[in-house]
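Only the coordinates and a few stated rules stand behind these numbers; no lab work does. Keep in mind the model is a prediction, meaning the values are calculated, not measured. Glycine also receives a Cβ, built like all others from the backbone with ideal geometry; neighbour counts cover every protein chain displayed.
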Amino acid sequence: QAKMAMTIAWGDSWTNMIQPFWALPALAIAGLKARDIMGFCLFNLILSGIIISAVFYFVY
């Protein structure tokens, strides 16, 4: 059960990269809009998704 809970938690935090609401304060300070960092977020989403999936596949 603990493995399943950790998998769900990782999946939930992983999908937070799709919509960067976590970055809104930093964007306001820097004078940027959310669309300015979406390419960065998408790249990190794909890269970390591959890594996280591989770790869960081979470790668990």
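Please compute the net charge surrounding Leu42, taking Lys and Arg as +1 and Asp and Glu as -1 over other residues with Cβ under 13 Å from its Cβ.
Details: positive: Arg35; negative: Asp36.
Neighbourhood net charge equals 0.
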Taking 0.36 nm per residue of separation between Lys3 and Leu47 and subtracting their Cα-Cα distance, the length gained on full extension comes to 13.6 nm
Just to be sure I understand, if you calculate Cα extents along the principal axes in Å for this structure, which of (1) 57, 32, 17; (2) 75, 23, 15; (3) 43, 20, 12 do you get? (3)
